[in-house]
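Notes follow once the structure below has been shown.
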Amino acid sequence: MPAEDRGLIFTAPLFHEKIWGGRRLADDFGYQIPDGPIGECWAISAHPAGDCVVLEGPLAGRRLSELWVEHHELFGRAKGDRFPLLVKILDAEEDLSIQVHPGDAYAAEHEGGSLGKCECWYVLHADPGASIVVGQRARNRDECAELISRGAWDRLLNVVDVHAGDFFQIDPGTVHAIRGGTMVLETQQSSDVTYRVYDYDRVQDDGSKRELHLQQSLDVIDYEAEPLSSGEVTASEVDGRTRLVSCPYYTVDRLRVDGHMTLESPQTFWCVSVVSGSGRVGERPLSRGEHFVVPAGHEELDLGGNMELIVSGVPAA
Ligand code: ZN
């Protein structure tokens, strides 16, 4: 596909019902969502469990996974056999299960070649007094197994207050849970592998409980990681831009557009989400809740208006 045809790739979000979900994706973001508790908006995804369709332009109607395979030039020298990122908005009205994700090596061996899952959260909304679980305090597998078997969750889990604008990197092996009253934009490896440690003994509509995965959890928990005490962003903002994280799987930046800003041409591609406010990219209006991919070779973006964007990318091979 010639570089001049590589327009922005706007994706159609997909919605997933979750027992912990709410209605804020409709009430706050204005999405048309199905009835029921909707926990997740998969905004930019090529995962088999939710493969986004392109909304407009010459690629309208194509799936992101097809573009990765058939038009890989759109993603430059991004490596891998599948689109590597998954961008979601989560609306937790109730607490999510206490969970942990494996890294790539464990997932490849035990989960049929799946990727591991490294994820991060930019907090969009938090009710007063809201908190989340990030990290755990057991120093080895035996201690962890013992605390779990006794249900000593207060001793095991590291609980942190959460506020809009906080950011949390959740490396594989970190026990975590988003709790009720919180909305986050999640950037993650394109993987669905979750080991559930505890689900508060909740029952689903059919009376069953969701499965737990204690052995796998104990296998993958990182017993050396120091639990953190805050998600406050301490990186400095330069010309409206703040680097929230850079890890082997992704970089995530926050852009605060107030008037005018440019975003450089991506080496691979950018995933862009408008998380508040409104404005424009070039001549095209942008509003809260829109998401797009900037393909490799796209010219520098001319952004205007008053809005906050979360921009993620991956390293070149
Ligand atoms: Zn997770």
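At-a-glance table
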| read-out | value |
| --- | --- |
| Elements of type strands (runs of 3 or more DSSP E) in region 162-210, at least 3 residues being over 12 Å from the mean Cα position of the chain (by Cα) | 195-198 |
| Single residue of region 64-101 satisfying the filter (within 22 Å of GLY39 (Cβ to Cβ), open to solvent by 10 Å² or more (accessible area, probe 1.4 Å) and part of a loop (DSSP other than H, G, I, E, B)) that is farthest from the ligand (Cβ to nearest atom) | GLU93 |
| Inter-residue pairs, beta-carbon under 9 Å, first over 13 Å from ARG210 (Cβ atoms) and in region 89-100, second of a type in the set (Ser, Thr, Tyr) and assigned to a strand (DSSP E or B), 6+ apart | ILE89/SER273; LEU90/THR182; ASP91/THR182; ALA92/THR182; VAL100/TYR195 |
| Subset of region 6-21 (residues that are part of a strand (DSSP E or B) and out of contact with any helix residue (DSSP H, G or I) (no Cβ under 8 Å at 6 or more places or on another chain)) | PHE10, LEU14, HIS16, GLU17, LYS18, ILE19, TRP20, GLY21 |
| Residues located in region 110-161, provided they are more than 30 Å from ARG82 (Cβ to Cβ) and of a type in the set (Gly, Ala, Ser) | ALA126, GLY129, ALA130, SER131, ALA138, ALA145, SER149, GLY151, ALA152 |
| Selection count where residues are in contact (Cβ under 8 Å) with a residue 40 or more places away in the chain and over 26 Å from ARG155 (Cα atoms), scope region 206-235 | 1 |
| Residue in region 143-158 that is open to solvent by 40 Å² or more (accessible area, probe 1.4 Å), more than 16 Å from the ligand (Cβ to nearest atom) and not in a helix (DSSP H, G or I) present | no |
| Of all residues making up region 181-215, the number that are open to solvent by 60 Å² or more (accessible area, probe 1.4 Å) and farther than 27 Å from LEU124 by Cα | 10 |
| Residue that is touching an Asp or Glu at 6+ places or on another chain (Cβ under 6 Å) and of a type in the set (A, V, I, L, M), where the choices are VAL275, VAL245, VAL281, VAL293 | VAL275 |
| Residue count for region 116-129, restricted to those that are away from the ligand (no atom under 11 Å from the Cβ), under 25 Å from CYS52 (Cα atoms) and either open to solvent by less than 40 Å² (accessible area, probe 1.4 Å) or of a type in the set (Gly, Ala, Ser) (or both) | 4 |
| Count of residues meeting criterion [of a type outside the set (A, V, I, L, M, F, W, C), surrounded by 15 or more Cβ atoms within 10 Å (Cβ to Cβ) and not in a loop (DSSP other than H, G, I, E, B)] in region 216-250 | 5 |
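The values are calculated or read from the model by the stated rules, or taken from the named source; none is laboratory data. Keep in mind that what you see is a predicted model, and the values were worked out from it rather than measured. Positions of Cβ are backbone-derived with ideal geometry, glycine not excepted, and every protein chain shown enters the neighbour counts. Accessible surface is based on the protein model in full, side chains and every heavy atom, while ligands, DNA and RNA are left aside. Shrake-Rupley method; radii C 1.70, N 1.55, O 1.52, S 1.80 Å.
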